1. Need the failing condition index for residue 132 against (1) touching an Asp or Glu at 6+ places or on another chain (Cβ under 7 Å); (2) closer than 26 Å to residue 243 by Cα; (3) in contact (Cβ under 8 Å) with a residue 60 or more places away in the chain; (4) in a loop (DSSP other than H, G, I, E, B), just the number.
2. Counting just the residues of region 265-292 that are touching a helix residue (DSSP H, G or I) at 6+ places or on another chain (Cβ under 6 Å) and of a type in the set (D, E, K, R), which one comes out least open to solvent (accessible area, probe 1.4 Å)?
3. Report every pair of residues separated by at least 6 positions or lying on different chains whose Cβ atoms are under 9 Å apart, first residue within region 149-167 and among the hydroxyl-bearing types (Ser, Thr, Tyr), second part of a loop (DSSP other than H, G, I, E, B).
4. Pairs, please: C-beta under 7 Å, at least 6 apart or cross-chain, first residue closer than 17 Å to residue 17 by Cβ and in region 237-248, second open to solvent by 30 Å² or more (accessible area, probe 1.4 Å) and modelled with pLDDT under 95?
5. For region 230-247, what are the residues that are out of contact with any Pro (no Cβ under 6 Å at 6 or more places or on another chain) and closer than 21 Å to residue 198 by Cα?
6. Identify all residues within region 461-479 that are part of a loop (DSSP other than H, G, I, E, B) and aliphatic (A, V, I, L, M); write none if there are none.
7. Exactly one condition in (1) more than 18 Å from residue 50 (Cβ to Cβ); (2) open to solvent by less than 10 Å² (accessible area, probe 1.4 Å) is false for residue 105; which is it?
8. How many residues does region 211-227 contain that are in contact with a Lys or Arg (Cβ under 8 Å, 6 or more places away or on another chain) and under 16 Å from residue 191 (Cα atoms)?
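The values are calculated or read from the model by the stated rules, or taken from the named source; none is laboratory data. Only a predicted model underlies this, so the values are computations on that prediction, with no experimental measurement involved. Cβ placement follows ideal geometry from the backbone for every residue including glycine, while neighbour counts extend to all protein chains displayed. Each accessible area value is taken on the protein alone, full model and side chains, heavy atoms only, with ligands, DNA and RNA left out. Shrake-Rupley method; radii C 1.70, N 1.55, O 1.52, S 1.80 Å.
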Amino acid sequence: MASLQHLCGILGLFLHDPSVNAAPEICEGLSLLQHRGQDACGIVTCGPRGRLYQCKANGMVRDVFTQEAVARLIGGMGIGHVRYPTAGTSNHAEAQPFYVNSPYGITFAHNGNLINTAALLHFMDAVAHRHINTSSDSELLLNIFADHLNETGKFRINEEDIFVAVRGLMVQARGAYACVAMLAGFGIIAFRDPNGIRPLGVARRPIPGGATDWLCASESAAADVGGFVDWEDVRPGEAVILTRCGVSRRQVIPAATFAPDIFEYVYLARPDSVLDGISVYRSRMAMGNALAQEVQRVLTEKQITVDVVIPVPDTSRVAALNLAQTLGLPYREGFVKNRYVGRTFIMPEQQMRKKSVRRKLNAMALEFANKNVLIVDDSIVRGTTSREIIQMAKDVGSKKVIMASCAPPIRYPNVYGIDMPSRAELVAHGRTTEEVAEAIGADLVIFQTLPDLVTSVRQLNPSIERFECSVFDGEYVTGGVDAAYLDHLEGIRSDNMKTKAAVVNGLASAQAAAAVVAVGEAGAAAGASGASSASGGSDGTGTPSSHRHTDGVDDTIGLHNTWKLS
């Protein structure tokens, strides 16, 4: 896979027994979502009397959440997040979940990207008088949600108040967002944007005696491993509330055009996940079958024969195997992957990605020497990885190298949470297929057609009439995306604007916050849960951000951190 930054993974867990700590299971669930982001991770749990406990830092799940760190995360419910920075910086201050103490004590994790950030920031400053401390859309969404909850003016809120607040957020926010929030002492809220662009689902785990544990996550694989069943996708424009009394669901805003991101199936999601009723594994099988027909057509037209089909590990294996079987060609594992080097698409700096490719893959000469090789990859984005892979194949003696992509040419940026920072960096932008082949050093490049890709996925759930395919066709389902917006987005998301990663291959950032405190009693307790509530002082509310002093401000945004507590 060519260098492509992914988005994030989110997870919420509500255990029926509050005496059992949720953190170990949240940690395990996040490890199953690690492919969705390796820049940073975090967990916040809620313990007795609404006290919140947090651990977050730059780095991978296995490094941040040590046994000691997890043991300090007390409470039977919590939310977690794994992250790649899709906008803003790689600063550890933007690790999620985020927190605000007013109203009620809210923590929040988000996957996606907003397209009306500027207008929302103005609203936060001029109307809501809330200080936004980072450039993260997640902190912005949290404060919008908090502002709508604050409008109730209640000492105790109920589920109706929460549904109304989520509706208010959806009316204001435009873009892609799958979110999970936790109200101290109350429960967990999950919701999805009206287009359903980013994935999110809910599952349950029956407990002897008739009780139930609940989980919400970006992908169903996180639920499967924990023994959760009856996975249901959160519908576009729907909110789900998990409390000790059970689960409540409501369509808080009419669904717009349902358009899940097709790139989830091409590359982003785990093959063992089922998203919106579609098996990721089966969709990739279908992509291989469809690509085989296009490969056969082009090879016949060019009068080229192929000796062997070789996948680029790991995502393209399923499609490559089906392609080889359809064409009656040998399938070989010609590249050996170093499992201890991170996925190149995760790395924030272009030079880091390029250097990583040869550390990550090694070509076995006996599978390439004196052969016409068809290399199958899931997609070609920048071309950095493809160029290095093709050169490796030639270095070990390939006669011809044909590159086949399971996805069509990526010619446009993604504005919904996948970081493709510059049109100029997309190797297919403004280039013909022949020019792409020349740019990456291939003898021939063959792309899947967009109609074939859509058919491959849609045939597994015909009720989905449209997919979000903007990276291929430049049509943005939410509207509101023009050249000026793309120019602005490319500026704030460019590699040069990101802080160089202090974390490489899972090493923890030396800059991670090192304070420990459980935030005091928060209490959003509402009628349904019967928990008590307290309205704490507002952190970042009531004073325009231009008038706030910052002496002593903690970059963990108010909630102290147990990471690296000695």
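1. Result: residue 132 fails condition (2) only.
2. By that ranking, first place goes to 284.
3. What qualifies is 152/103.
4. 243/528; 243/529; 244/529; 245/528; 245/529
5. 230, 231, 232, 233, 234, 235, 238, 239, 240, 241, 242
6. So in region 461-479, the residues part of a loop (DSSP other than H, G, I, E, B) come out as 461-467, 469, 474-479.
Residues satisfying the conditions are 464, 477.
7. The number of the failed condition is (1).
8. At the first step, the residues of region 211-227 found to be in contact with a Lys or Arg (Cβ under 8 Å, 6 or more places away or on another chain) are 212-215, 218-219, 221, 226-227.
When the remaining residues are screened for being under 16 Å from residue 191 (Cα atoms), the result is 214-215, 218-219.
The total comes to 4.
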